[in-house]
1. Over segment 5-131, what is the relative contact order in whole percent, taking alpha-carbon pairs under 8 Å and six or more residues apart?
2. Springs between alpha-carbon atoms under 10 Å, Gaussian network over the chain: tell me which of Ala141, Ala174, Ala101 tops the mean-square fluctuations.
3. What is the magnitude of the charge dipole of the chain about its Cα centre, with +1 placed on the Cβ of each Lys and Arg, -1 on the Cβ of each Asp and Glu, and no other charges, expressed in debye to the nearest 20?
4. For His250, His75, His178, what's the largest-to-smallest order of accessible area, 1.4 Å probe?
5. If I compute solvent accessible area with a 1.4 Å probe over the protein chains, what percent of it on the chain is carbon and sulfur?
6. Using only alpha carbon positions, build the gyration tensor of segment 166-240, then give the equivalent ellipsoid semi-axes as the square roots of 5 times its eigenvalues, largest first, whole angstrom.
7. Say the dipole of segment 20-96 comes from +1 at the beta carbon of Lys and Arg and -1 at that of Asp and Glu; which of Gly53, Met73, Ala92 then lies farthest toward its positive end?
8. Count of lysine pairs in segment 1-139 with Cα atoms under 27 Å apart, counting only pairs 8 or more residues apart in sequence or on different chains?
Amino acid sequence: MQDFSFVKPQSLAAAVETLKKRPEAKALGGGQSLIPVMKLGLASPSDLVAVAGLSELRGIKVEGQELVVGAAMTHAEVAESAEVKKAIPALAELAGHIGDAQVRNRGTLGGSLAHDDPAADYPAAVLALGATVVTDRRKIAADAFFQGLYQTALAADEVITAVRFPIPEKAAYAKFPHPASKFALVGVMVAKGPAGVRVAVTGAGPSVFRQADMEKALAGKFAAEALTAVAVKSAGLNTDPFGSAEYRAHLIGVMARRAVAAAR
Ligand SMILES: Cc1cc2nc3c(=O)[nH]c(=O)nc-3n(C[C@H](O)[C@H](O)[C@H](O)COP(=O)(O)OP(=O)(O)OC[C@H]3O[C@@H](n4cnc5c(N)ncnc54)[C@H](O)[C@@H]3O)c2cc1C
């Protein structure tokens, strides 16, 4: 790992100012992805700008028909939040099954979304719920946020401050976890909400994606049996030592049916 400076700004404005001034600087959330990436030599930031303690990125509240979760809220805080459990129980359950206790107590919502690991859980929730990612300078719709393998719409000096989740009528997330890391071999989030039925798949492709055939089938009838006629194609899905593209295609069907059956 190369030398770097640790910067602890006192405000969001100061954090953004440092990121703008120092092009090789990076925001630091819980460090659960960035530090391993640095240890592997895949990133060598000049400065780590700690954003997890900033008050502007903290808090969970319901505003009208939306649940607003601060970007610095840890996975454990989201999992244990009474507001989240009441408004979107599926989101609390998803957060409670990320990694292990250490990861859940350090890792943050904003860090997970900015990192955009192809097997991460939160991207499935953000996409299926049609959430809006709020940054220090703009609002980005979920459909525009995820752009490919570890690629998001964020600029290098942009900080996620919160995510606004429309509260769905019902939703659920089903994951087939990797036995060691708990990352999703395949994870499917289904939601029936203000924007209709949305189905988002993580772990199966280079980035989270929506499954249009399933959305169409579930819009007709929101029931697991509506999915039996949907054939999931394996083309473009990941093959790795943990599962072939064909296996992942099969798992998408299984996880989607489980999620629909569990939706509440
Ligand atoms: C052993 C292990 C198991 C894991 N298992 C799972 C799992 O089952 N499911 C899962 O989804 N994830 C899993 N993770 C990843 C975990 O969820 C991380 O917490 C998450 O990916 C990154 O969040 P962080 O706050 O730690 O971000 P960091 O590691 O601090 O940062 C990650 C990236 O996001 C950027 N960043 C951080 N905060 C912000 C912000 N507010 N605005 C803009 N950019 C920001 C950083 O610059 C960096 O590029 C696992 C990690 C480990 C180590």
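1. Working: 195 pairs, mean separation 28.3, N = 127.
It comes to 22 percent, rounded to a whole number.
2. Ala101
3. On the way: 29 positive and 25 negative charges, 91 e Å.
About 440 debye.
4. Listed by decreasing accessible area, they come as His250, His178, His75.
5. Numbers: 6380 of 12040 Å².
Summing carbon and sulfur atoms, their accessible area is 53 percent of the total for the chain.
6. Values: eigenvalues 99, 46, 23 Å².
So the three semi-axes of segment 166-240 are 22, 15, 11 Å.
7. Gly53
8. 17
The values are calculated or read from the model by the stated rules, or taken from the named source; none is laboratory data. Bear in mind that the values here come from a model prediction, so they are computed numbers and not experimental data. Heads up, the Cβs are rebuilt from the backbone with ideal geometry, glycines too, and the neighbour counts pull from every protein chain shown. In case anyone asks, the SASA skips ligands and DNA or RNA and just uses the protein heavy atoms, side chains included. Shrake-Rupley method; radii C 1.70, N 1.55, O 1.52, S 1.80 Å.
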